[in-house]
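Trainee: Structure provided below as structure tokens; questions to follow.
The values are calculated or read from the model by the stated rules, or taken from the named source; none is laboratory data. Values in this document were obtained by computation on a predicted structure and should not be read as measured data. Reconstructed Cβ throughout: ideal geometry from the backbone, glycine too, with neighbour counts over all protein chains shown. We work out accessible area using only protein heavy atoms, side chains counted, and drop any ligands, DNA or RNA first. Shrake-Rupley method; radii C 1.70, N 1.55, O 1.52, S 1.80 Å.
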Amino acid sequence: MERHWDAICVGAGITSLAFGAQLVHRYPNVRLLVIDKHTVPGGYATMFRRPKADAIFDCSLHKLSGMGERGNLFRILSDLGLTKELDLHRSEEYFEANFHDRVFKLSNSIEQFQVDLLREFPAQSQALKEFFEELAVHGRNGYYQFQMMQGNYEVDFAELRFAHRHLKNLTVEDALRQRFNDPDLRRIIAATGIYVGGFSSDLGYLYFLHVLYATLTQGNAYVKGSSQRLSDLLAQRIENAGGKVLLGTNVHRVISDNQDSVNGVVTSKGNFYANRVYINASPHYAMSQLFDEHPGLTLVRMKLAKLQPSRSTTTLYLTTDLPPEQLGVESAESMIFSENLDWEPPSQSDDSCEMLAEQAFWNESTMELTNYHLLDPSGGSILCANVLDDIGHWPHRKSELYKEKKHRAQLALLERLYQAKPQLCGHVKYVELSSPRTYERFTNNTDGAGYGAMVGTDLSGHIFHHGFPISGVHFLSAWVAGPSYEAAFGYAEMKVNQWAA
Ligand SMILES: Cc1cc2nc3c(=O)[nH]c(=O)nc-3n(C[C@H](O)[C@H](O)[C@H](O)COP(=O)(O)OP(=O)(O)OC[C@H]3O[C@@H](n4cnc5c(N)ncnc54)[C@H](O)[C@@H]3O)c2cc1C
């Protein structure tokens with residue numbers, strides 16, 4: 001195989017594939033090599049099969065935000081000519097809210113969503129009005145951040161100043177407590193944080209407004225045939241333009257000849273050379289494993305220490321013997337809220353009380369349930385339940401302790417599911433659980449986060465790569481972009497725009 005390329009990507013996650021497909025679309029002569037240790041492209045935007053259970057499970061949820069006419073992601077996919085090839089499912093509901101004493105549906109259209117919330121929480125009408133005004137202005141400005149940085153979106157600087165002075169340093173929890181006095185309403189609004197791996201005490205409010213704006217006002221859609229379909233199409237684009245997606249190949253090290261500029265990579269299949277290398281792996285892993293010592297890297301590592309990972313996820317995959325809609329799971333997505341109003345997520349550094357952490361993560365935090373059968377009936381009767389978790393509470397894989405913990409997690413999540421959806425009892429045919437250790441194993445995200453970086457109130461860690469001391473090295477992943485596919489595509493587009501500079 002050819003050893004010399006114009007650019008090499010370490011990792012074939014969605015950010016890398018989005019970058020590669022846009023790069024070869026814009027510059028058809030660029031020869032790009034994308035290398036991944038997996039045997040399938042996509043990183044976490046992928047699926048896995050269980051032939052005995054006749055099941056294909058999606059790893060990440062594959063909900064695409066920004067898929068309306070004015071959405072960032074729809075524009076990029078349209079430019080690539082992919083919107084027709086992607087078979088999309090558009091849901092009428094945002095999610096179904098499940099409390100122990102009431103269940104109601106919330107619409108996917110922002111106007112109807114407000115009406116739905118007003119119906120359920122009439123005493124909060126003034127606060128809701130003000131909240132949605134705030135969302136329309138500051139959520140919108142955050143949403144178009146990449147466009148603004150490239151001069152394609154004109155922002156009102158007075159609004160921007162106001163947001164940075166008054167909203168940027170608030171957590172979602174602080175902000176929602178100031179705005180609403182109904183705890184159930186606060187939990188419903190904060191639930192959207194699960195899409196980016198954060199509890200309301202973790203996430204920065206300004207960033208959160210942008211996420212809510214993206215998912216609620218810019219149109220969202222699911223890809224039929226799983227996110228693997230999107231990853232495969234992007235990989236195909238790279239190969240059709242003369243590039244290569246080399247799978248089943250581990251990158252061991254980045255080569256920099258005189259230490260100051262990049263030269264290529266050392267892999268399990270030999271060396272490959274290029275003077276631009278894009279790192280798609282988690283930056284914490286990359287900085288500890290992929291580079292030789294270099295005096296300038298100390299500063300980079302110090303800046304990186306401030307980049308906090310998102311919460312990780314514990315996920316229950318299951319199949320049922322009847323379509324889930326017939327078993328009480330009527331919506332594509334349901335949020336299941338616990339009875340305990342006072343629960344607190346353990347801080348990410350606190351590993352002092354494992355049992356309490358288990359209780360908080362599995363039994364008391366919001367559980368998100370996806371009905372894959374509704375999104376794509378040809379995929380079978382598949383459900384998937386997610387709760388946020390933390391790798392700090394999980395022992396190493398293959399140990400007895402790990403197996404026992406997995407067993408406890410499975411029982412706890414199943415019990416919660418049966419309580420919320422009792423008709424599922426006796427109809428679950430196959431169950432399997434993935435833990436934060438699973439993410440570590442499949443992505444090299446040493447912090448176990450499947451989402452990337454946490455966007456809190458302090459953004460300083462996100463620019464750890466600025467002024468990187470080895471020229472030609474770029475970082476390219478949800479860790480620098482902020483989580484989610486839409487952000488990954490937006491960041492990748494920005495990197496393509498810098499190619500010729
Ligand atoms: C449960 C869950 C649900 C989610 N749902 C959604 C959703 O509905 N919508 C949404 O927009 N986002 C969702 N996300 C987030 C989204 O999946 C991630 O943000 C995104 O997939 C991250 O992509 P990435 O390219 O940055 O990284 P990754 O997917 O981690 O890709 C990194 C790649 O690099 C490879 N790699 C690492 N080290 C090496 C090496 N040394 N050699 C070779 N290859 C290497 C890995 O194998 C991997 O393929 C979800 C995440 C989770 C965990």
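Trainee: Leaving out ligands, DNA and RNA, what percent of the accessible area of segment 1-60 is carbon and sulfur, probe 1.4 Å?
Mentor: 53 percent
Trainee: Next question. What is the extension gain from Glu134 to Lys398, computed as 0.36 nm multiplied by their sequence separation minus the C-alpha to C-alpha distance, in nm to one decimal? Walk me through the numbers on the way to the answer.
Mentor: On the way: separation 264, 0.36 × 264 = 95.04 nm, distance 4.83 nm.
In short, 90.2 nm is gained.
Trainee: Pop out the ³J(HN,Hα) list for segment 232-241 in order, Karplus 6.51 cos²θ - 1.76 cosθ + 1.60 with θ = phi - 60°, rounded to Hz; leave Gly and Pro as x.
Mentor: Those phi angles translate into 4, 5, 5, 4, 4, 4, 5, 6, 4, 8 Hz.
Trainee: Between Glu415 and Glu293, what is the FRET efficiency for a Förster distance of 45 Å, r being their Cβ-Cβ separation, to the nearest 0.05?
Mentor: On the way: r = 50 Å, r/R0 = 1.11.
Calculated value: 0.35.
Trainee: I would also like to ask the following. Per residue, how much accessible area does segment 447-501 have with a 1.4 Å probe, in Å²? Please report the intermediate quantities before stating the final value.
Mentor: Working: 1610 Å² over 55 residues.
Computed with neighbouring chains in place, this is 29 Å² per residue.
Trainee: For segment 292-343, what is the accessible area per residue in Å², given a 1.4 Å probe and the full set of protein chains? If you can, show how the numbers build up before the last one.
Mentor: Working: 2140 Å² over 52 residues.
Value for segment 292-343: 41 Å² per residue.
Trainee: Additional query: Could you give the semi-axes, largest first, of the ellipsoid that matches segment 385-501, computed as the square roots of 5 times the alpha carbon gyration tensor eigenvalues and rounded to whole Å?
Mentor: Details: eigenvalues 280, 61, 31 Å².
Taking √(5λ) for each eigenvalue gives 37, 18, 12 Å, largest first.
Trainee: How much accessible area per residue does segment 400-444 have, counting only protein heavy atoms and a probe of 1.4 Å, in square angstrom?
Mentor: Value for segment 400-444: 53 Å² per residue.
Trainee: Shifting gears a bit: Given the C-alpha atoms of segment 337-445, compute the convex hull and give its volume per residue in Å³.
Mentor: For segment 337-445, the hull spanned by Cα atoms encloses 130 Å³ per residue.
Trainee: Another one. Obtain the nm distance between the two label points defined at Arg26 and Asn340 by a simple spin-label model: each point lies 7 Å from its Cα along the Cα-to-C-beta direction.
Mentor: Result for the modelled spin labels: 4.9 nm.
Trainee: Sticking with this structure for a sec: Tally the DSSP beta bridges in the chain and give the antiparallel ones as a percent, rounded to 5. Numbers along the way, then the final one.
Mentor: Working: 46 of 65 bridges.
Approximately 70 percent, going by the DSSP bridge assignments.
Trainee: Ratio to report: Rg/Rh of the chain, with Cα atoms as the point set and Rh obtained by the Kirkwood method; give two decimals.
Mentor: Numbers: Rg = 22.1 Å, Rh = 23.3 Å.
Using only Cα positions, Rg/Rh for the chain is 0.95.
Trainee: Starting from the Cα-Cα distance between Leu247 and Glu92, subtract it from 0.36 nm times their residue separation and give me the gain in nm to one decimal.
Mentor: Working it through step by step, the gained length comes to 52.0 nm.
Trainee: Quick one: plug the Kirkwood hydrodynamic radius of segment 178-252 (C-alpha pairs) into Stokes-Einstein at 37 °C, 0.692 mPa s, and report D in µm²/s. All intermediate terms of the calculation are to be shown ahead of the outcome.
Mentor: On the way: Rh = 16.0 Å.
Estimated via Stokes-Einstein, D reaches 205 µm²/s.
Trainee: Assuming 0.36 nm per residue, please report the length gained on full extension of the stretch Arg441 to Asn271 beyond their Cα-Cα distance.
Mentor: Numbers: separation 170, 0.36 × 170 = 61.20 nm, distance 2.38 nm.
Gain in length upon complete extension: 58.8 nm.
Trainee: Calculate what fraction, in whole %, of the accessible area of segment 362-501 sits on carbon and sulfur atoms when a 1.4 Å probe is rolled over the protein chains.
Mentor: 54 percent
Trainee: When the accessible area of segment 185-326 is split by element with a 1.4 Å probe, what percent falls to carbon and sulfur?
Mentor: 48 percent
Trainee: How far apart, in nanometres, would the label points at Val431 and Asn240 be if each is projected 7 angstrom from Cα along the Cα-to-Cβ direction?
Mentor: Taking the two extended label points, one gets 4.4 nm.
Trainee: Could you give me the percent of Cα pairs per 5 Å distance bin for segment 20-60, shortest bin first, beginning at zero and ending with the bin that holds the maximum distance?
Mentor: 6, 18, 16, 16, 16, 10, 9, 5, 3
Trainee: I've got another one for you. Binning at 5 angstrom from zero up to the longest distance, how are the C-alpha pair distances of segment 285-364 distributed in percent?
Mentor: Pair shares across the bins are 3, 9, 13, 13, 12, 12, 12, 10, 7, 5, 3, 1, 0.
Trainee: Roughly how many debye, to the nearest 20, is the charge dipole of the chain about its Cα centre, given +1 on each Lys and Arg Cβ, -1 on each Asp and Glu Cβ, and no other charges? All intermediate terms of the calculation are to be shown ahead of the outcome.
Mentor: Values: 47 positive and 58 negative charges, 292 e Å.
In total the dipole reaches around 1400 debye.
Trainee: Right, here's the next one. Go from 0 up to the bin containing the longest alpha carbon distance in segment 1-152, width 10 Å each, and give me the % of pairs per bin.
Mentor: For segment 1-152, the binned pair fractions read 8, 24, 30, 22, 12, 3, 0 percent.
Trainee: Report ³J(HN,Hα) in whole Hz for each residue of segment 18-33, in order, from the Karplus equation J = 6.51 cos²θ - 1.76 cosθ + 1.60 where θ = phi - 60°; Gly and Pro get x.
Mentor: 3J(HN,Hα) across segment 18-33, in whole Hz: 5, 5, x, 5, 6, 5, 6, 5, 6, 10, x, 8, 5, 9, 10, 10.
Trainee: With labels modelled as points extended 7 Å from the Cα through the Cβ direction, what inter-label distance (nm, one decimal) is found for Gln423 paired with Met1?
Mentor: 4.9 nm
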